[in-house]
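This report concerns only the one structure given below.
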Amino acid sequence: MIKRIAAAAITLAAMTAPAFAHLDPVEHGSFMAGFTHPLFGLDHILAMVAVGLWAASVGAMDGSHKALWAVPAAFVATMAIGFAAAILGVPLPFVEPVILASVIFIGIMVALALPLPTAGVAAVVAFFALFHGHAHGGEMGEAGALGYAAGFLVATALLHAAGIALGLVAGRLLATTRGAIATRLAGGLTALGGLWLAIGG
């Protein structure tokens, strides 16, 4: 399982190496327009990778694998709801500030490594996912809703997988204590990245 997640993370890293602009859905198709959309925003990338890191951290603390699927699943499912709300014209206040807050907050939670229940972590990420999904819906443009949604949901899942892989690899390749420190450091750097974006980085 770890090898498969690590392979997905490596593939994702290769795909996100160039700086993507939002693709024209007419030229590239709705799926690719949606797929590249979260990859173009550093705030989305940081938040979604941090969700995976948090899931791996919680899973390591409680000794189960439930968090590895429950936390990302909560994010992806609620993100789809936020997207639907946007395309139906349902307003959601403070979308961009909450997205930036999600990067900072989740990064801090990973850094603190608090022993929280999986259900609580899933609820927190679901709250933030609503705003991420709404932002994607608000910028859909001429893309077809189903293809576009499928694209950004797949990209989101891969970003979560990248974060999970980082957390699992840190725990496996390093001694337990050092692995935990590496994960907490990654969370701290994520929070700093979110703060940098919030002040106009």
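Using the Cα gyration tensor of the stretch 24-119, with a ≥ b ≥ c the square roots of its eigenvalues, what is the shape: rounded (a/c below 1.5), prolate (a/b larger than b/c) or oblate (neither)? Note, shape of the stretch 24-119 comes out prolate.
Extension gain for Phe40 to Ile199 (0.36 nm times residue separation, less C-alpha to C-alpha distance): 55.3 nm. Put in order of Cβ neighbour count within 10 Å, fewest first, the listed residues Ser102, Ser57, Ser30, Ser64 become Ser64, Ser30, Ser102, Ser57. Please state the shape class of the stretch 82-201: rounded when a/c is under 1.5, otherwise prolate if a/b exceeds b/c and oblate if not, all from the C-alpha gyration tensor. It comes out prolate by the Cα gyration axes.
Estimated at 0.36 nm per residue, the fully extended path between Leu112 and Ala150 surpasses their Cα-Cα distance by 10.4 nm. Residues whose amide H lies under 5 Å from that of Gly41, counting only those 5 or more places away or on a different chain, are absent; hydrogens are built 1.01 Å from N in the peptide plane. Legend: ranking of residues His160, His134 from fewest to most surrounding C-beta atoms inside 10 Å; resulting order His134, His160.
Here Val71, Val98 are placed in order of increasing Cβ neighbour count within 10 Å, fewest first, which gives Val98, Val71. Each label point was placed 7 Å from the Cα along the Cα-to-Cβ direction; for Asp24 and Leu192 their separation is 4.1 nm.
FYI, it's all coordinate maths here, none of it is from the lab. This one's a predicted model, so the numbers in the text were calculated from it and none came from an experiment. Because the Cβ atoms are built from the backbone with ideal geometry, glycine has one as well, and the counts that use them run over all protein chains shown.
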